[in-house]
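J.: This is the structure I have questions about; it appears just below.
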Amino acid sequence: MSVNLFDLSGRTALVTGSTRGLGNGFAEGLAAAGAAVVLNGRDPAAVSAAAASLRDKGHTVYEAPFDVTSEAAVEQAFADLDAAGVAVDILVNNAGIQLRKPMVELSLAEWQKVIDTNLTSAFLVGREAARRMIARGRGGKIINIGSLTSEVARATVAPYTAAKGGIKLLTRAMTAEWAEQGITVNAIGPGYIVTEMTQPLVDTPSFDNWVKQRTPARRWGRPADLAGTVVYLAAPASDFVNGQIIYVDGGMLSVL
Ligand code: NDP
């Protein structure tokens, strides 16, 4: 077995929504495996701060602040990367938001914002990345971030659930069109991981207890728990793995 199966030296990975939380953990994991990383988020100052922190650890980091829901901003960001000579070989479609509200109280604008940020963004950023991967002819890796709600529902998060279900099959649609070009497209479905997004749940004792009881591993996940899976899906080790979603959830989805 080649020792280089998990080596990302010479590759460049764009991770959307990587100023904090899971995205920041994905970027650090990919950088530790040898990749240069492109950090993203809407706030340029937050992108710069996250970049400085990774550079302090010796990693090569580029900054690309843009809104993943804006077609024009996504296209401009890739044009800027082209102009800077930065070629994205690995894309992690991670940026996402949550909105907890009963469906009968939900406005169309709220629904649309969650769908745009969690699903349409993966199409917009994935399309720009794939266009360039296909033109370069060297293949590539796209990793979409799903959720346990790619499989099962929970009350008060309807648009998020619809978006994450969509991520699972968008991953297969991308596979259908791009696998032949050497682009492997897969997804990760994280369980309950402590981040800014889930902090309100961690801070609610009844919910915190439910997560610990409901998860066979009896704990919340940490962003670092996802690093091995993202490196695997970005590396030569997964070159014949196409269209899959891997749940990293401490076993939650496997038991009643
Ligand atoms: P956080 O809220 O901690 O981080 C979200 C990141 O996305 C931030 O960097 C944020 O930066 C960025 N972001 C949000 N909106 C946009 C936008 N329109 N354009 C560009 N960047 C944006 O969330 P998590 O780390 O918890 O979640 C990351 C992903 O993992 C999401 O897709 C989420 O659905 C998924 N996930 C999380 C789970 C968990 O338990 N935490 C479980 C399952 C899935 P800024 O706001 O400055 O733009």
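J.: Can you confirm whether Trp178 is more than 14 Å from the ligand (Cβ to nearest atom) and either under 26 Å from Thr117 (Cβ atoms) or without any contact (Cβ under 8 Å) to a residue 24 or more places away in the chain (or both)? Walk me through it before giving the result.
T.: Working: more than 14 Å from the ligand (Cβ to nearest atom): yes; either under 26 Å from Thr117 (Cβ atoms) or without any contact (Cβ under 8 Å) to a residue 24 or more places away in the chain (or both): yes.
Yes.
J.: Something else now. Considering only residues that are more than 11 Å from the ligand (Cβ to nearest atom), among the small types (Gly, Ala, Ser) and in contact (Cβ under 8 Å) with a residue 24 or more places away in the chain, look in segment 143-175 and name the one that is surrounded by the fewest Cβ atoms within 10 Å (Cβ to Cβ).
T.: Of everything passing the filter in segment 143-175, Ala155 is surrounded by the fewest Cβ atoms within 10 Å (Cβ to Cβ).
J.: To continue, here is another question. So which residues in segment 1-37 are modelled with pLDDT under 95 and either part of a loop (DSSP other than H, G, I, E, B) or not hydrophobic (A, V, I, L, M, F, W, C) (or both)?
T.: Met1, Ser2, Asn4
One line per residue, one yes/no per condition, for (1) within 11 Å of the ligand (Cβ to nearest atom); (2) in contact (Cβ under 8 Å) with a residue 40 or more places away in the chain; (3) closer than 16 Å to Glu128 by Cα; (4) acidic (Asp, Glu):
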site	(1), (2), (3), (4)
Ala33	no, yes, no, no
Asp56	no, no, no, yes
His59	no, no, no, no
Val86	no, yes, yes, no
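J.: Additional query: When you go through (1) over 14 Å from the mean Cα position of the chain (by Cα); (2) modelled with pLDDT of 95 or more one by one for Ile246, which number turns out not to apply?
T.: Just one mismatch for Ile246, condition (1).
J.: Still on this model: Which condition number does Ala130 fail, the rest of (1) among the small types (Gly, Ala, Ser); (2) within 16 Å of the ligand (Cβ to nearest atom); (3) open to solvent by less than 50 Å² (accessible area, probe 1.4 Å) being met?
T.: (2)
J.: Here is a further query. Filter segment 38-54 down to residues that are buried (at least 24 other Cβ atoms within 10 Å of the Cβ) and assigned to a loop (DSSP other than H, G, I, E, B) and give me whichever is nearest to the ligand (Cβ to nearest atom).
T.: Among them, the one singled out is Gly41.
The values are calculated or read from the model by the stated rules, or taken from the named source; none is laboratory data. Because the structure is predicted, anything quoted here is derived from the model rather than measured. All Cβ positions, even for glycine, are placed from backbone atoms using ideal geometry, and neighbour counts span all protein chains on display. These accessible areas exclude ligands, DNA and RNA; they are computed on the full protein's heavy atoms, side chains included. Shrake-Rupley method; radii C 1.70, N 1.55, O 1.52, S 1.80 Å.
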